[in-house]
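Presented below is the structure to which this report refers.
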Amino acid sequence: GEDVEQSLFLSVREGDSSVINCTYTDSSSTYLYWYKQEPGAGLQLLTYIFSNMDMKQDQRLTVLLNKKDKHLSLRIADTQTGDSAIYFCAEFVSGGYNKLIFGAGTRLAVHP
Amino acid sequence: GAGVSQTPSNKVTEKGKYVELRCDPISGHTALYWYRQSLGQGPEFLIYFQGTGAADDSGLPNDRFFAVRPEGSVSTLKIQRTERGDSAVYLCASSKTGSQANVLTFGAGSRLTVL
């Protein structure tokens, strides 16, 4: 079946790196995503990675994918207070139908 | 339009009433999705349209929920005999097909509160 698991909470000091982890179960996932959701706001796509890649870097964001272990991580360098939000990991399942399966989200709190 | 537009942004209704939520996707996007996000949870898939037809409605929780997309653009999610457990934010997303089918753009959502 399809399932995405994330730890629920992460607290970091401003300026430090944050690492948010995710595991998924569907080996047929073609893409994996990180979305950001600020309070009262919609989902913002941060980045995504194709399943045949193992790393993608985009400015302060680094995504690592271990396909063998079905493990995805998001590293935010030099974390700022504006990064405080809920981060959702998601997998894209295709093959006759398309859908994104989301985890429950990791709340990132950045403190001075 | 420039983004995915959802109306109303907030809806408060009483238990047992009928509710319609509207989604206007990005122009030219043939795929449209509905998700439901309960408090403290991740978005949960409800239904996926490719054009006018529902390609996958496996996420609809029961027969009180129904969605249509008659002209392949605007979609309406309909909830009959609402229950307090239906309270959530209902999110709509759209995407192109082909090589960009995996990039979903989400609307801001419609927050439904059932009293």
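Label separation (A:Gln44 vs A:Ser73): 2.4 nm, computed from points 7 Å beyond Cα along the C-beta direction. Calculate the translational D of chain B in whole µm² s⁻¹ from Stokes-Einstein, where the hydrodynamic radius comes from the Kirkwood formula applied to all Cα pairs, the temperature is 25 °C and the viscosity 0.890 mPa s. In µm²/s, the coefficient rounds to 175.
In segment A:68-112, a dipole from Cβ-located charges (positive for Lys and Arg, negative for Asp and Glu) runs towards its positive end, and of A:Thr79, A:Pro112, A:Ala90 it is A:Ala90 whose Cα lies farthest in that direction. R0 = 25 Å: FRET efficiency of A:Asp26 with A:Arg60, Cβ-based, nearest 0.05? For A:Asp26 and A:Arg60, the calculated efficiency is 0.30. Compactness of chain A is given as radius of gyration and Dmax, 13.6, 48 Å, from Cα positions. Pairs with C-alpha atoms separated by more than 18 Å, drawn from the list A:Lys36/B:Lys96; B:Lys11/B:Lys78; A:Lys56/A:Lys99, are A:Lys36/B:Lys96; A:Lys56/A:Lys99. A convex hull fitted around the alpha carbon atoms of the protein assembly as shown yields 124 Å³ per residue. Sorted largest first, the principal axis extents computed over the alpha-carbon atoms of segment B:1-53 equal 36, 23, 21 Å.
Every read-out reported here was derived from the displayed coordinates using simple, explicitly stated rules and does not represent laboratory data. Predicted model only: the values in this text are computed from it and were never measured. Cβ atoms come from the backbone with ideal geometry, glycine included; neighbour counts cover every protein chain shown.
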